[in-house]
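Here's the structure we're looking at; comments come further down.
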Amino acid sequence: MTKYLLRYWRIFRKPSVHYSLGALTLGGFMAGIMFWGGFNTALEATNTETFCISCHEMENNVYQELQSTVHFTNRSGVRATCPDCHVPHEWTNKIARKIQASKEVWGTIFGTINTREKFENNRLRLAKHEWARLKANDSLECRNCHNFEFMDFTRQSSRASQQHSTALGSGEKTCIDCHKGIAHTLPDMSGIEGWE
């Protein structure tokens, strides 16, 4: 056993052209730590409300709408920011969402929604895309804060209590099915089937 350990130790210490294999391994390990730290720092920097509203498209449109909702100001002082509702908290889901969101950079570069008029013309398409995403992931971002298990149905209005208990029992509905427009103005829904 010690013979093998000594053999590998010699290989580990064996010099490459200029550096030993050990120095190269240690250098690679340190470079990996620095890359990972830089990557996570950049990832978290792009996961802030400040970053989200740095584009005037967001600041002048959806952020203005958010400010008049209960998710922005309420009696408890708990506030949801853009990433709370639009970026999952778990790392793998967060990375997948960031990759999806990279398409939005193209929209900014090419001015797809850079005016209020363009934004309003695209609002229904953008909303449908976000609703479909939330439907597909079972409203994962909503469930980071809101959970059926901890809801006290007796303290809700009779309509809300009935709807939540039905949704909980059926397992077919998710938050976004009933709560469209909870933080942003709804697009023009006339002509949309099933919308009243």
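Restricting to region 103-158, and then to whatever is among the small types (Gly, Ala, Ser) and assigned to a loop (DSSP other than H, G, I, E, B), can you tell me which residue is farthest from HIS86 (Cα to Cα)?
Going residue by residue through region 103-158, those that are among the small types (Gly, Ala, Ser) are 107, 111, 127, 132, 136, 139, 157-158.
If we keep only those that are assigned to a loop (DSSP other than H, G, I, E, B) as well, we get 111, 139, 157.
On the way: GLY111: 21, SER139: 10, SER157: 27 Å.
Once the filter is applied, the top-ranked residue is SER157.
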Test: residue in region 3-16 that is at pLDDT below 90, touching a strand residue (DSSP E or B) at 6+ places or on another chain (Cβ under 8 Å), in a helix (DSSP H, G or I) and surrounded by 10 or more Cβ atoms within 10 Å (Cβ to Cβ): yes
Of residues in region 127-149 being touching a residue at least 40 places away in the same chain (Cβ under 8 Å), hydrophobic (A, V, I, L, M, F, W, C) and out of contact with any Leu (no Cβ under 8 Å at 6 or more places or on another chain), the one surrounded by the most Cβ atoms within 10 Å (Cβ to Cβ): TRP131
For CYS52: the one exception among (1) in contact with a helix residue (DSSP H, G or I) (Cβ under 8 Å, 6 or more places away or on another chain); (2) in contact (Cβ under 8 Å) with a residue 40 or more places away in the chain: (2)
Boolean, GLU59 is assigned to a helix (DSSP H, G or I), under 24 Å from LEU134 (Cβ atoms) and out of contact with any Cys (no Cβ under 6 Å at 6 or more places or on another chain): yes
Residue that is surrounded by the most Cβ atoms within 10 Å (Cβ to Cβ), among those in region 160-175 that are in a helix (DSSP H, G or I) and touching a residue at least 12 places away in the same chain (Cβ under 8 Å): CYS175
One residue from PRO88, PRO83 being buried (at least 17 other Cβ atoms within 10 Å of the Cβ), under 25 Å from GLU44 (Cβ atoms), of a type outside the set (Asp, Glu) and in contact with a Leu (Cβ under 7 Å, 6 or more places away or on another chain): PRO88
Residues located in region 91-122, provided they are over 20 Å from LEU43 (Cβ atoms) and touching a His at 6+ places or on another chain (Cβ under 9 Å): ASN114
Qualifying position, being out of contact with any Pro (no Cβ under 8 Å at 6 or more places or on another chain) and over 22 Å from THR185 (Cβ atoms), among ARG125, ARG133, ARG155, ARG116: ARG155
Odd one out for PRO83 among (1) under 10 Å from the mean Cα position of the chain (by Cα); (2) of a type outside the set (Val, Ile, Thr); (3) not in a helix (DSSP H, G or I): (3)
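The values are calculated or read from the model by the stated rules, or taken from the named source; none is laboratory data. The shown structure was predicted, so the numbers you read here are calculated from the model rather than taken from an experiment. Note that we place each Cβ from the backbone using ideal geometry, even for glycine, and neighbour counts take in every protein chain shown.
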